[in-house]
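Taken together, the values in this text are just the output of simple stated rules run on the coordinates, not laboratory data. Because the structure is a prediction, the values reported are computed rather than measured. With ideal geometry, Cβ positions are generated from the backbone for all residues, glycine too; neighbour counts draw on all protein chains shown.
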Amino acid sequence: MFKPSLPSKEILHEYSTRVKTVVKLILRVMAESLNLEETDYFISQFGEKMGIYCRCCHYPSSSRPGPVFGLRPHSDNSVITIISQGGDVEGLELLKDDQWIKVPTNPDVLLIMVGDLMEIMSNGRFKSSVHRVVAHRERERISTILFYMLDPEKEIGPPEELLKEGSPRMYRDLKVKDYIDAHLKSYSEGKRGIDWAKA
């Protein structure tokens, strides 16, 4: 079976550099929408270097009856996830109000998803996106995903500005690496890691 070739290092580097500019803008707008005094609050959580993990995913077609999951339901353990669906083959679905919604494809559009670490830092104001990938019956699907991650040794939690009267603490302070471990364990058990982080 033919496997698509991966993009070159140079192309991935240029792509991730350009997307990082967009991500910084999004993080500033998110901080502003929460009325945080420091508009670079979320950007500052990354420290000197913004951790970016790239995954190029190939989902083969499947003619088996019923839905075949290329990726079962989950939310990402990132701050922000950027997805380029890179074609016209549907498969990505988001959970909204207990219903799975198909995400339309457009190779010229970047899909931006909130990750669990952002949900924790925003005290639940921004919700991480529960999603899955369902295999197409006839065509393979390819996507490129950038996960924006914090230093595993970083300790995070909601800022005091979001813990005012009438806004109780939803998530406890925790070390990123502890959350990543809990997230992976929860995923293997069919649960959500974000529940482990609740106050």
In sequence order, calculated HN-Hα J values of region 138-154 (Karplus, 6.51, -1.76, 1.60; Hz; x Gly/Pro):
10, 10, 6, 10, 10, 9, 10, 10, 10, 9, 8, 10, 9, 4, x, 7, 5
Value of Rg to Rh for region 9-197 (Rh from inverse mean 1/r over Cα pairs, i.e. Kirkwood):
0.98
Can you work out the Karplus-derived ³J(HN,Hα) for every residue in region 109-118? Use 6.51 cos²θ - 1.76 cosθ + 1.60 with θ = phi - 60°, whole Hz, and x for glycine or proline.
10, 9, 8, 10, 10, 6, x, 4, 5, 5
Give me, ordered by chain and number, the residues 5 or more places off Y171 or on other chains with an amide H under 5 Å from its own placed amide H.
A199
Tell me the net charge near M50. Cut-off is 13 Å between Cβ atoms, M50 excluded, with +1 for each Lys or Arg and -1 for each Asp or Glu.
+1
Could you work out how far helix 9-33 tilts from the main Cα principal axis of the chain, as a 0 to 90 degree angle to the nearest 10?
40
Sort D195, D116 so the one with the fewest other Cβ atoms within 10 Å of its own Cβ comes first.
D195, D116
Exposure proxy check on E160, E140, E119, E90: fewest-to-most Cβ neighbours within 10 Å is E160, E90, E140, E119
Local net charge near Y171, Cβ-Cβ under 14 Å (Lys/Arg +1, Asp/Glu -1):
0
Need the full-extension length gain, H58 to I101, defined as separation in residues times 0.36 nm minus the C-alpha distance. One decimal, nm.
13.4 nm
Excluding E155 itself, what net charge comes from residues whose Cβ is under 13 Å from its Cβ, given Lys and Arg +1 and Asp and Glu -1?
0
Under the rule of at least 5 residues apart or a separate chain, name every residue whose amide H is placed under 5 Å from the amide H of G51.
M149
The chain: longest segment with zero exposed trypsin sites (Lys or Arg not before Pro), where exposed means DSSP loop plus at most 10 other C-beta atoms within 10 Å, is residues 50-163
Per-pair calculated FRET efficiency, R0 = 35 Å: D88 and D40 via Cβ, rounded to 0.05
0.40
Going by how many other beta carbons lie within 10 Å of each one, how would you line up I101, I43, I120, fewest first?
I101, I43, I120
Spelling it out for L92: with amide H atoms placed in the peptide plane at 1.01 Å from N, the residues 5 or more places away or on another chain with amide H under 5 Å from its amide H are V103, V134
